[in-house]
Amino acid sequence: MRTGLTAMRWHSSGQLVKAGNLFCLVFVVITFNFIYSRFYLVDLPPDNEEEHRQIIAMDTTLDFGARPDVTARASWMAPIIWENMFDPHYYDQIHIHLHSSVALTVFAVGRYLDAYIKTFLTSAEKHFMLGLPVTYYVFTDTPEKVPNIELGPLRKLKVIEVEKHSRWQDISMMRMRTISDIIESEIRHSFRYVFCFDVDQEFKGRFGTEALGESVALLHAHYYKLPKYRFTYDKNPKSKAFMETGDFYYHAAIFGGFWENVKNLTDVCYQRIMEDKMNKVEALWHDESHLNKYFWLNKPHRLLSPEYCWDMSLPAKDIRISRLIWARKDYHTLRERH
């Protein structure tokens with residue numbers, strides 16, 4: 001009889017343990033949804049509620065335990081996207097269902113056009129947001145030299161002429177205003193997402209819908225493993241980009257998100273760049289310094305791991321796939337000096 005009672009007690013205890021585990025799992029999911037909604041989804045337009053519910057549902061499927069070798073979540077709960085954490089088919093199907101669309105901006109000015117634009121566009125056609133409507137906005141000072149690229153279904157190319165600044169630093173910084181202007185005049189009426197790229201890069205693997213988010217920043221390949229004191233923030237108190245510390249060091253080669261958020265980022269960065277100019281100050285790493293300051297004050301909702309912009313000269317122990325790589329650069333030739 002005692003043996004039977006003991007067995008019953010153990011069986012009941014096992015049920016309690018299982019029930020407790022299930023309760024903990026449900027609690028974690030509910031807590032994640034609450035935190036995500038509380039901090040990331042405030043003041044949303046009613047017509048976008050379904051879209052945001054789907055985005056939350058997608059990110060609850062991320063398998064953070066699949067990459068114990070890396071940091072997979074920021075301190076404010078934003079996911080850092082790594083290979084093996086997501087189901088690409090699931091993300092693609094949800095974004096197709098949501099009719100997600102992407103505008104990609106890229107600047108190819110001066111010698112950068114001849115050196116990089118063809119490789120950038122042809123590789124993007126093989127790997128970037130396949131299955132979604134995508135329009136490439138190419139900004140250049142020589143529109144007639146942009147090569148004809150064979151585009152797939154739902155893909156378009158628009159070439160826009162821009163002024164060629166005398167210094168490459170000004171080209172880099174002034175793109176913020178140009179991006180803001182094209183978002184206001186055109187992109188906002190046709191696209192949900194905007195992604196902004198440097199041209200001296202080549203797509204090598206899937207760069208897909210898992211990268212889409214409300215506000216997206218990229219971890220810099222050279223700094224993601226370093227301690228914060230090594231980050232090259234602007235330390236000049238006279239600059240609007242001044243930072244004593246931060247969360248990560250972000251790479252300005254890629255940033256994106258909802259068009260509203262990208263426009264706000266570019267507006268703020270441009271305003272701070274112009275204030276620095278008025279005060280005869282230039283941030284250490286130009287627009288990248290201002291971008292880091294912006295993301296320090298306005299936490300990105302999604303972070304891309306360095307596999308989304310990798311330097312092949314670095315050791316790649318934790319990089320299981322290189323989705324986009326840095327192109328080889330000859331700055332002496334590319335950057336015309338005056």
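Somewhere in the stretch 133-146, is a residue exposed (fewer than 13 other Cβ atoms within 10 Å of the Cβ), free of Cβ contacts under 8 Å to residues at least 40 places away in the same chain and at negative phi? Scanning the stretch 133-146, I find at least one residue that is exposed (fewer than 13 other Cβ atoms within 10 Å of the Cβ), free of Cβ contacts under 8 Å to residues at least 40 places away in the same chain and at negative phi, so the answer is yes. If you go through the stretch 91-113 and pick out every residue that is farther than 19 Å from residue 216 by Cβ and touching a helix residue (DSSP H, G or I) at 6+ places or on another chain (Cβ under 7 Å), you end up with 5. Each residue in the stretch 183-213 was checked for being of a type in the set (Val, Ile, Thr) and assigned to a loop (DSSP other than H, G, I, E, B), and 1 of them qualify. Restricting the first member to the stretch 281-300 and to residues that are over 16 Å from residue 74 (Cα atoms) and of a type in the set (Val, Ile, Thr), and the second to residues that are open to solvent by less than 10 Å² (accessible area, probe 1.4 Å) and not in a helix (DSSP H, G or I), the beta-carbon pairs closer than 7 Å and six or more apart or on different chains are 281/239. The residues of the stretch 94-112 that are more than 25 Å from residue 184 (Cβ to Cβ), outside any loop (DSSP other than H, G, I, E, B) and open to solvent by less than 30 Å² (accessible area, probe 1.4 Å) amount to a single one, 94.
Report yes if residue 258 is farther than 26 Å from residue 112 by Cβ and either modelled with pLDDT of 95 or more or hydroxyl-bearing (Ser, Thr, Tyr) (or both), otherwise no. When the stated conditions are applied, residue 258 passes them.
Looking at residue 326, is it touching a Lys or Arg at 6+ places or on another chain (Cβ under 6 Å), open to solvent by 20 Å² or more (accessible area, probe 1.4 Å) and at pLDDT 95 or above? Here the answer is no, as residue 326 does not meet what is asked. Residues of the stretch 65-86 that are surrounded by fewer than 14 Cβ atoms within 10 Å (Cβ to Cβ) and either among the charged types (D, E, K, R) or closer than 18 Å to residue 216 by Cα (or both): 69, 73, 75, 76. No other residue among 116, 91 is hydroxyl-bearing (Ser, Thr, Tyr), more than 18 Å from residue 202 (Cα to Cα), out of contact with any strand residue (DSSP E or B) (no Cβ under 6 Å at 6 or more places or on another chain) and assigned to a helix (DSSP H, G or I) apart from 91. Figure legend. Inter-residue proximity from the stretch 72-93: first residues at pLDDT 95 or above, second residues of a type in the set (Ser, Thr, Tyr) and loosely packed, with under 15 Cβ neighbours inside 10 Å, beta-carbon distance below 9 Å, spacing 6+ or different chains. Indicated pairs: 86/61; 87/61; 90/61; 91/61.
The values are calculated or read from the model by the stated rules, or taken from the named source; none is laboratory data. A quick note: this is a predicted structure, and the numbers were derived from the prediction, not measured. All Cβ positions, glycine included, derive from the backbone under ideal geometry; neighbour counts span all protein chains shown. Please note that ligands, DNA and RNA were not included when accessible areas were found on the heavy atoms of the full protein model with its side chains. Shrake-Rupley method; radii C 1.70, N 1.55, O 1.52, S 1.80 Å.
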